[in-house]
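The values are calculated or read from the model by the stated rules, or taken from the named source; none is laboratory data. Keep in mind that what you see is a predicted model, and the values were worked out from it rather than measured. Quick reminder, even Gly has a Cβ in these numbers, built from the backbone with ideal geometry, and neighbours come from all protein chains shown. Ligands, DNA and RNA are excluded from the accessible area calculation, which covers all protein heavy atoms including side chains. Shrake-Rupley method; radii C 1.70, N 1.55, O 1.52, S 1.80 Å.
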Amino acid sequence: MESFSSKDMAMQAQKKILSHMANKSVVHMFIDDTSSEILDELYRVSKEYSGNRSEAQKVVKDLIKIAVKIGVLFRHNRFSPEELSLAQDFKKKLHQGAMTAISFYEVEFTFDKTVMSEILTECRDLLLKLVDSHLTPKSHGRINHVFNHYSDPELLTQLYNPVGSFKPNLTKICTGLNRLLEEGTL
């Protein structure tokens, strides 16, 4: 017996179309202004750190694609109760990461690259478990690419250097994270 579902087909089409449209103008339709500002700063940090514009674009584009695909899965109620529990764990860990990032920024000389890197790695692992049966290996690779990039201890060390060139970027990132936390978005 052939199993066909127009609902499944529509969701697959949305994921495919949206993954091809992960550019700045489309992002504004799916991602709020504050998140967009944070993504812009993450791009600038990645570009400066790597010295490679196309790599910086790729990591942010991968981040956007993953966020949009997970949003599509969530809107289509594709997650089982166990997966929804994982999603809650991921959201808590992401919230903890944002709070930690802000705390390290606000309280000088408290930054610990190991702590920040571990939180991001735990977020990655939770997210991979969440989407394990929903997204392709290519998408899993995107998740690994994004989290491995931003959890790099050397990148984090340069980002949190109190006299480093990334201080203005970190200020804007933390301001945006604070706004998302206050709004209850994160």
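All but one of (1) open to solvent by 50 Å² or more (accessible area, probe 1.4 Å); (2) modelled with pLDDT of 95 or more; (3) under 24 Å from GLY141 (Cα atoms) hold for SER103; which doesn't?
(3)
I'd like to verify a number: residues in the stretch 126-142 that are of a type in the set (S, T, N, Q) and under 16 Å from SER85 (Cα atoms), how many?
Initial filter on the stretch 126-142 (of a type in the set (S, T, N, Q)): 133, 136, 139.
Going one step further and asking which of them are under 16 Å from SER85 (Cα atoms), we end up with 133.
So the count comes out to 1.
Hey, among GLU83, GLU122, GLU118, which residue is open to solvent by 70 Å² or more (accessible area, probe 1.4 Å), over 19 Å from LEU42 (Cα atoms) and part of a helix (DSSP H, G or I)?
Only one candidate passes the filter, namely GLU122.
Within the set of pairs 6+ apart or on separate chains, which have a first residue in the stretch 71-97 that is under 22 Å from ILE119 (Cβ atoms), a second that is of a type in the set (Asp, Glu) and part of a helix (DSSP H, G or I), and C-beta atoms under 6 Å apart?
If the second residue must be of a type in the set (Asp, Glu) and part of a helix (DSSP H, G or I), the pairs left are LYS93/GLU122.
Only one of (1) outside any loop (DSSP other than H, G, I, E, B); (2) open to solvent by 50 Å² or more (accessible area, probe 1.4 Å); (3) out of contact with any Cys (no Cβ under 7 Å at 6 or more places or on another chain); (4) not polar (S, T, N, Q) fails for PHE111. Which number is that?
It fails just one condition, (1).
May I ask you to say which residue of HIS149, HIS145 is at pLDDT 95 or above, within 23 Å of LYS91 (Cβ to Cβ) and out of contact with any Asp or Glu (no Cβ under 8 Å at 6 or more places or on another chain)?
Working: HIS145 fails: out of contact with any Asp or Glu (no Cβ under 8 Å at 6 or more places or on another chain).
HIS149 is the lone residue from the list that is at pLDDT 95 or above, within 23 Å of LYS91 (Cβ to Cβ) and out of contact with any Asp or Glu (no Cβ under 8 Å at 6 or more places or on another chain).
Go through (1) over 14 Å from ALA67 (Cβ atoms); (2) in a helix (DSSP H, G or I); (3) of a type in the set (A, V, I, L, M, F, W, C) and name the single condition LEU130 misses.
For LEU130, the failing item is (1).
Quick one: which residue in LYS61, LYS65 is open to solvent by 50 Å² or more (accessible area, probe 1.4 Å) and in a helix (DSSP H, G or I)? Walk me through it before giving the result.
Values: LYS65 fails: open to solvent by 50 Å² or more (accessible area, probe 1.4 Å).
Within the list LYS61, LYS65, the selection yields LYS61.
Residues of the stretch 156-178 being under 19 Å from ILE64 (Cβ atoms) and either touching a His at 6+ places or on another chain (Cβ under 8 Å) or open to solvent by 20 Å² or more (accessible area, probe 1.4 Å) (or both), which ones?
Residues of the stretch 156-178 under 19 Å from ILE64 (Cβ atoms): 169, 172-173, 176-177.
Residues satisfying the conditions are ASN169, LYS172, LEU177.
Could you grab me the full set of residues in the stretch 132-148 that are within 15 Å of the chain's Cα centre (by Cα), open to solvent by less than 40 Å² (accessible area, probe 1.4 Å) and farther than 19 Å from GLU37 by Cβ?
The answer is SER139, HIS140, GLY141, ARG142, ILE143, PHE147.
I'd like to check something: does the stretch 105-116 contain any residue that is of a type in the set (Val, Ile, Thr) and touching a residue at least 12 places away in the same chain (Cβ under 8 Å)?
The answer is yes, given that some residue of the stretch 105-116 is of a type in the set (Val, Ile, Thr) and touching a residue at least 12 places away in the same chain (Cβ under 8 Å).
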